[in-house]
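Here is the structure we will look at.
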Amino acid sequence: MRQLHFQPIAGKTPDILDAILRTPEVASTGKEAKIIRLVCEELVVNVVDYAYPDREDGYLDVNIDKDDRAITIQLKDGGVPFNPLEREMPDTTIPLKERRIGGLGIFITIKKMDDVKYEYVNNENVLTIKKNLSNEE
């Protein structure tokens, strides 16, 4: 398992995302790489932008585990407790011009990942995503 720790995180979204995407585990996900990158970007942006609204420090721990069948990525932060899975999902049948802004990141995460779990443990938000791999390039 690869463990990454980022602190402070304010203003560091590109650096955090780059570090995650350059890990051998994520870089070797074959045809699933694009969706994993998109989902990671959405989740990192959410933590950096919203988890610590009253201060500019904060942290984000990322654990990545990959085997021949799947990649699992866990994001932990000590920010404001927030379960994104309880958020109302956007109605994608409404015309784009009439939709509310926001909510598509977690919607895409739920639709494209094979498993998404949230827990609040030891004063930390813990979001775990899993994507099954087809082992095709």
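FYI, it's all coordinate maths here, none of it is from the lab. A quick note: this is a predicted structure, and the numbers were derived from the prediction, not measured.
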Please list, or write none, the lysines whose alpha carbon is within less than 23 Å of the alpha carbon of K12, excluding same-chain residues fewer than 8 places away.
K34, K76
Value of [θ]222 nm, deg cm²/dmol, for the chain, DSSP H segments ≥ 4, -39500 (n - 2.57) each, nearest 500
-8500 deg cm²/dmol
Check every DSSP H run in the chain and write down those whose alpha carbon atoms cover 18 angstrom or more along the long axis and whose mean Kyte-Doolittle hydropathy is -1.0 or greater.
33-50
Value of relative contact order over the chain, rounded to a whole percent, pairs C-alpha under 8 Å and six or more apart
29
Surface/4 of the Cα convex hull for the chain, nm²:
8.9
